[in-house]
Amino acid sequence: MDLVGNIEAGKLTLGEWITTLAEDNDYSSSEWNQRYRAFTIQLQQTSTFANPETDDLVKRLWYERDNGIASIRQGVPSLAEYEQNIPLFRELTERVRQQADEATYQYVGNALLQAKETGQLRRMYWSLRNRVFASFSPEFCTTTVDENAFTKAANFLNKQFHLGLALTGNWLQKNHELKQAIHTQSPNADPYYVNMAIWHLYELLCERDNEQKQGTVTGTTSTASSKHAEVKAIPHSPTNVIYFGPPGTGKTFTLQQKMKEYTSHAAPADSDAWLDSRLESLNWMQVITLVLLDLEKRAKVRQITEHQWFQRKALLNGRSSNFSQTAWATLQSFTIAGSTTVAYKGRREPAIFDKTADSEWFLVESQLEQVDELLSLYTELKQGPKSAEAIQRFAAVTFHQSYGYEEFIEGIRARSDESGNISYPIEPGIFMRLCQRANADPAHRYAIFIDEINRGNISKIFGELISLIEVDKRAGMSNAMSLQLSYSGDPFSVPANVDIIGAMNTADRSLALMDTALRRRFDFVEMMPDLSLLSGTKVKGIELEPLLEKLNSRIEALYDREHTLGHAFFMPVKHALDAGDEEAAFKQLKIAFQKKIMPLLQEYFFDDWNKIRLVLADNQKQDDSLQFVIEKTDDLDTLFGNNHALQRHDQQSTAYELEAFDQEIWNRPQAYQAIYQPQQATLDEQAVNNG
């Protein structure tokens, strides 16, 4: 039974619940625990926040999305908004430091509301206010700063442990009430662990509720052995999600990180899943060859079809009958030409089988050199999974304009043998093969990762499966559906233990243009540039955070927010700085501008160099030597004479020239500084030139 179930069954005390989560999530050595404690101690040791000297801490409290206390992805001010309100944030931080009570909580809320009404703030940041109080008061405030999330967890604890709490006030009051009750029942519990456990409990409750809503899926293992084993229900309902945002915001990186959730190390219980990963891409000829190798190179059809490897392949293909016909057809098709016992016209290569007069099939030794790779695979199968070997329960694909149903689901493929004979078998695509593995292993989660999902023709790729991928239409779910496949005609439904996770770049194609059918079936998670990841990063005097903020503010004004630049463009710079190599960091900055940012700007603005100059602030730089794009004007009369008949009000021709990448401007830090501080950079340059 899971932790939530154990609590509901009365099997855990309040203290045991906290201890269990602390052990399961390894709180003692976790990065969250270390950052959480270090930051709160640093705040407690600070005597005042009224002076600019502590602005780094104020920024971490009010601006950084993940400050070690709680992560607020979309609920923090922009950099420009934060910088405009630094005096306000200083004052509010100092008040919380002095007295983090109910009166201060109300004061901070009113101050933020007034700032919004006067236009200083774009929106209300209620969760941000809660996080500031949580930072100063870990004994009284949890890290679950979203009020709805906290209320869900608090109500569960109140009911299951009979705490008798009212939980009717605001977030701060409810936090004080719950934390006091927990301390009364479990006085030795670490307050940091309690806060972390409440957040993890909330996550478990969300999983449990989602699972109850969608139902569970059960199944049985292969019939390769005579014993049927009970298979656990899938741990949560299917997931269909697409991460979307501008280029460089970490979407592909997110997919790569999530792949780890579908990767495990081989264990005895995973032997079938490991075997499936080897057999999934093989055809029947290859599987039967492996079976015969395991049966000392000769066997009758019944022995072949009862072999574990044959049974696992049948399960992967969704087959439950006609095994003998499949085996006979395959064996005859790949029989050597000189056989005296097999009269079959449609023979194919590699011909490696033959049959005795009493119907015992065997491998022809002289022909085995044609299947060397199967001999190697046989050795691997006999050895079994290595203890540290990774089992990947996922497949990855990138959509593009010519990608289709045949590659993704199933299609007719032309295949030729060594003799030049061509056949046209129906073969499963990458998604179909993954679903076959998931069907054969219902106790584990599987996933298909689709990068650039918006670049493909969704109707063409998914075909009839667009209906089957809906969460409630999966096999075993409340409204399960099954459809007949276009090529094979076989009935098919998408297993409930298959997650579909995609990523799309909004600069390539607007989200508004996405296939409506796809939008209905997926949850969309926006990933925008996270400037806080670059906070404090400076290379040769260039501050990356305001640099990116200014670039994006101008792009948003001239184009839209879907075409802003992601923080990932500058992460190699940060990594080089973290390694202590400033020269390498500056080189990475030049690479980012020359190979990523400039080409993107050209694409965004269709080579409108005037707008590109505006983004780079070249129009504001008084010193031409700091401009990346030079504006040149020529008088039309000088170019074409007096009778050119060109009607221009200023009688001038304007041309633009991007400085060559080998020019010195790309090596001058002042040129990059001038993007976000054009006037100051010019003054600094003049001071240097004047000695």
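Any read-out appearing in this document is the output of simple, stated calculations on the displayed coordinates, not a laboratory observation. The shown structure was predicted, so the numbers you read here are calculated from the model rather than taken from an experiment. FYI the Cβ positions are ideal-geometry reconstructions off the backbone, even for glycines, and counts take in every protein chain you see.
For the range 440-494, what number results from the quotient of the Cα radius of gyration and 2.2 N^0.38 Å?
1.25
Which residues in the range 326-357 place their backbone N less than 15 Å from a point set 7 Å from the Cα of Ile422 along the Cα-to-Cβ direction?
none
Using 1/(1 + (r/R0)^6) with R0 = 51 angstrom and r between the beta carbons of Asp472 and Gln594, what's the FRET efficiency to the nearest 0.05?
Efficiency computed from Cβ-Cβ geometry: 0.55.
What's the FRET efficiency of Gln325 with Lys297 using the Cβ-Cβ distance as r and R₀ = 30 Å, to the nearest 0.05?
It comes to 0.85.
Kindly rank 293-303, 81-91 from highest to lowest mean number of other beta carbons found within 10 Å of each residue.
81-91, 293-303
Classify the range 22-116 as rounded, prolate or oblate, taking a ≥ b ≥ c as the square roots of the eigenvalues of its Cα gyration tensor: rounded when a/c is under 1.5, otherwise prolate if a/b is larger than b/c and oblate if not.
It comes out prolate by the Cα gyration axes.
Give me the extension gain from Lys538 to Gln602: residue separation times 0.36 nm, minus the current Cα-Cα distance, reported in nm with one decimal.
Once the chain is fully extended between Lys538 and Gln602, it gains 20.4 nm.
Could you list Leu601, Leu14 in order of exposure, starting from the residue whose Cβ has the fewest other Cβ atoms within 10 Å?
Leu14, Leu601
Tell me the angle of helix 284-294 to the major Cα principal axis of the chain, expressed in degrees between 0 and 90 and rounded to the nearest ten.
So the helix axis and the longest Cα principal axis differ by about 70 degrees.
Jot down the radius of gyration and Dmax of the range 531-689, Cα atoms only, both in angstrom.
For the range 531-689, the Cα-based Rg and Dmax read 17.6, 64 Å.
Enumerate the calculated ³J(HN,Hα) couplings along the range 428-438 in order (Karplus 6.51 cos²θ - 1.76 cosθ + 1.60, θ = phi - 60°), each rounded to whole Hz, writing x wherever the residue is Gly or Pro.
Whole-Hz 3J(HN,Hα) from phi for the range 428-438: x, x, 5, 6, 4, 5, 5, 5, 5, 5, 5.
Taking 7 Å along the Cα-to-C-beta vector as the label spot, tell me the Arg519-Met124 distance in nanometres, rounded to one decimal.
2.9
Go through Lys152/Lys179; Lys297/Lys386; Lys538/Lys596 and tell me which ones have a Cα-Cα distance over 18 Å in this structure.
Lys297/Lys386; Lys538/Lys596
Sort 272-278, 96-102 by the packing proxy (mean of other Cβ within 10 Å over each peptide's residues), most packed first.
Per-residue mean Cβ counts within 10 Å order the peptides as 272-278, 96-102.
Find out how many positive minus negative residues lie around Phe449, taking Lys and Arg as positive, Asp and Glu as negative, among other residues whose Cβ is under 10 Å from that of Phe449.
Taking every other residue near Phe449 into account, the sum is -1.
Hey, what's the Cα Rg ratio for the range 271-383 versus the globular rule of thumb, 2.2 N^0.38 Å?
For the range 271-383, the normalised Cα radius of gyration is 1.01.
Could you check the simple spin-label distance between Ala557 and Tyr344, using points 7 Å along Cα→Cβ, in nm with one decimal?
7.5
Helix-only mean residue ellipticity at 222 nm, the chain, DSSP H runs n ≥ 4 weighted -39,500 (n - 2.57), per residue, nearest 500. What is it?
Helix-only estimate at 222 nm: -13000 deg cm²/dmol.
Say R0 is 30 Å: what FRET efficiency, to the nearest 0.05, do Asp624 and Arg73 get from their beta-carbon distance?
Efficiency for this residue pair is about 0.10.
Assuming 0.36 nm per residue, please report the length gained on full extension of the stretch Phe362 to Asn110 beyond their Cα-Cα distance.
Using 0.36 nm per residue and subtracting the Cα-Cα distance, I get 82.2 nm.
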